[in-house]
1. S25 fails exactly one of the following numbered conditions: (1) among the hydroxyl-bearing types (S, T, Y); (2) modelled with pLDDT of 55 or more; (3) in a helix (DSSP H, G or I). What is the number of that condition?
2. Please work out which residue is nearest to K9 (Cα to Cα), limiting yourself to region 28-55 and to residues that are modelled with pLDDT of 90 or more and part of a loop (DSSP other than H, G, I, E, B).
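The values are calculated or read from the model by the stated rules, or taken from the named source; none is laboratory data. What you see is a predicted model, and the numbers here were worked out from it, not measured in a lab.
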Amino acid sequence: MPTYAYACKSCGHAFDAVQAFSEPSLKECPACEGSLRKVYGSIGVTFNGSGFYRTDSRGSAGASETSSGAASGDSTASAPSSDSGAKAPAPASS
């Protein structure tokens, strides 16, 4: 169950309450019976392990771009490489 932080608008009394998601928010301060507000802070989540990387979620999109780029690169690369291949052996054998 999550822990919620509350602060009183009247007296400033601050406290934490463990509540289920289905429970309604607290409305009354236990110290002075004034109205309460929820206090939002930083998120208490830590990710342990090897980590998450920016490219992790783009594996399929990146692969599509790479394979389509490689496919177009292969067709254009084969033409220059055959030209380069023809030119490269000639100076090497000369």
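1. Condition not satisfied by S25: (3).
2. Pass one, region 28-55, residues modelled with pLDDT of 90 or more: 28-39.
From what is left, the residues that are part of a loop (DSSP other than H, G, I, E, B) are 29-34.
Details: C29: 9, P30: 12, A31: 12, C32: 10, E33: 10, G34: 7 Å.
Among them, the one singled out is G34.
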